[in-house]
Every structure is written in structure tokens, then in C-alpha cells.
Amino acid sequence: MVFKRMLGAFGVGAPSVDTVLSTPRTQPGGTLRGEVRLEGGDFDAEIEHITLGLVARVEIEHGDGEHGGLGEFARLQVSGPFTLRQREERIVGFELPVPWEAPISEIGGQPLTGMAVGVRTELAIAKAVDKGDLDMVAIEPLPSQLRILEAFLGLGFGFRSADLEAGHLYGVHQQLPFYQEIEFYPSGRYAGLVGEVEVTFVADPAGLEVVLEADKRTGRFSSGDAIGRFHVSHQDALGTDWEAELGRWLDGLAQYGPGHHGGHHGPVHHDGHYGPGHHGGHYEEHHGGPGWGTVAAAGAAGLVGGLVAGEVVEEIFEGDEDEGDDW
């Protein structure tokens, strides 16, 4: 999405800003490139700085419930002070690094239900800051992440939704102030074993921490959630039989208690498990169906169960901005 917006914080006749992304699609650890295009207004303006921020909609606990807030998870100042003359046109190029822990918002060219990520452009004039231009971006999974997600399809799971939860995972080295949960629902052989499985990736340049939470339905400890954790390099993830690896962990849930991993397999390192409270002392309960569609049998495109149209995503962002829910 590209649009030009008058900077309302500075009144009628103020400059306008238009952020154009030459790479609107990237991956964790990648780079977003583009230009901030300024057009002077009816008067000279002393620009103090231009700053870009990567923002996403995050679920934040509040009392007994949750509410959505707009959270910034990367920030880059692309320009210092300068004078923007009346009617002057100026272009400022940028390269915005994307954190390795950035959430996945799109797979196979289609957005994930519940996810909204964008680049917000801030312009500061005379001590006032206008958070003017907001452009949607797509963050696609790394090949290592995609292999694991596709394995759930092969095991008969379907994609339900994804969201971002404010907070830190217990025992995981985490840079960002939130983590993503990608939720799958079972069918076939696992339909009576688990109610759902939530997958969380915490990536870095070397590899992935994969945290799994299964809502158990059978076994000796069927009243609780089962937590699993895998650590694997990006390269080894591509050579791992994830259907077998995850299948062993899931099969073990019927026999063992919460946190059971199954056996060690190949390059995947099982480094312990979580007891209750890995989300800060509680577990969230999720409900609902697959959203705007159903999951196809296989393939990256089949991973997307529900689609959020671009207009809907814009409305989500606009609502969060209006509420001033930055954290």
C-alpha cells in the first residue's frame, strides 16, 4: 500500500509524506528497503528527524482480559535535521533491518489470520511528532520455519490463527517484548489426543528455538497442557524429518505427562521441557474456528486457513492508532 498523507499534527498547509517500499516482502533477519518522499507545504518547515518503526498488533493482558495494542519492535532514524522548503520535493532512502524474532505475517503470498505488521513513518517538526504514513509489510517464514509448519499439515493439522502475546517465554533467550503463537487444530489420528497445538519460533542467525504447547485431551495427565521445546540450526532443520519428529512427540502425549518430548532424533536437540507457567504463570485458552476459509491438503498455500483482506488489516491498525495503545 502506498499513499500520501498530509501531516495533520502540523495543521493546514503542512508538508506531506509518502513512504514507498521497494521490498514490501521480507523474512526474519532480512531488510526492508525504500524511500520516504516528502513534499513541502505552504511554508518552510524545520524537520528535526525522520524515523521509521516496525509495528505489529499485540495482545496485551489487562485485568481479567486482553486488549489489542500497537507495539513497535524495530526503529531506525533515517534523517537528522534539515529544512524542507515550501513546495520542495525531497527523497530519503532507507534500509530497515528486520529482527530475527519478527513475527510471520504471510505464507505463500497470503496473510495469516490475526496478523498485522507495518512500517510507520514519523516526522518531527518543532517538537511535534506526526506518526503519519503506515504501510503494510509481509514477513514470510524462513525456510527452516516453513518446513516445521508444513509438517503439521502432513500430520493432518489445519491452521487456525496466529497472534502476538506480550511477554517473554520462560527459559528462552528472547530479544523482542512479545512472542508469536501459530495455532493449529487436529484432525485424523490426533483429533482425540489434543485440542490444539500452538507453535512459537524464536529465531536468531544460528537457528531456531521451537516451543510447542498442546492442549491435551487423553493420557494420564489429560487435564493439563504439554509443553515441548526443540533447538535446531537453520541448516539442520531443512534436513530433519519433522513429521516423524513431531509425530513422536505427539504420540508420547497419550502416555506421558505434560512436557514429554519423545525420543531424541538426529540433529534436533531437546533441551528440557517446561512446567506450568511458561507464559508467566498461566496458560491462555483459545477458541474459534479456522476463520475465513479452510486449510488445503498440503503446500505453503494450504497452510493459510483464513485470509485478512488488506482493507481489514488497515482498519485494525487505524483502530489501534486511534486508541493510542503503543507499549
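Summary table
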quantity: Considering residues of the range 119-149 that are within 21 Å of Val20 (Cα to Cα) and assigned to a loop (DSSP other than H, G, I, E, B) only, the residue modelled with the lowest pLDDT; calculated: Val137
quantity: Residue within the range 104-118 that is assigned to a strand (DSSP E or B), assigned by TED's automatic domain parsing to the domain that holds Gly71 and among the hydrophobic types (A, V, I, L, M, F, W, C) present; calculated: yes
quantity: Qualifying residues in the range 59-78 (those that are modelled with pLDDT of 95 or more and over 22 Å from the mean Cα position of the chain (by Cα)) - the one surrounded by the most Cβ atoms within 10 Å (Cβ to Cβ); calculated: Val78
quantity: Residue in the range 101-108 that is of a type in the set (Val, Ile, Thr) and touching an Asp or Glu at 6+ places or on another chain (Cβ under 8 Å) present; calculated: yes
quantity: Test: residue in the range 165-184 that is in a helix (DSSP H, G or I) and in contact (Cβ under 8 Å) with a residue 60 or more places away in the chain; calculated: no
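The values are calculated or read from the model by the stated rules, or taken from the named source; none is laboratory data. The structure displayed is predicted, hence computed values, not measured ones. For neighbour counting, all protein chains shown are included, and Cβ atoms are generated from backbone atoms with ideal geometry for every residue, glycine included.
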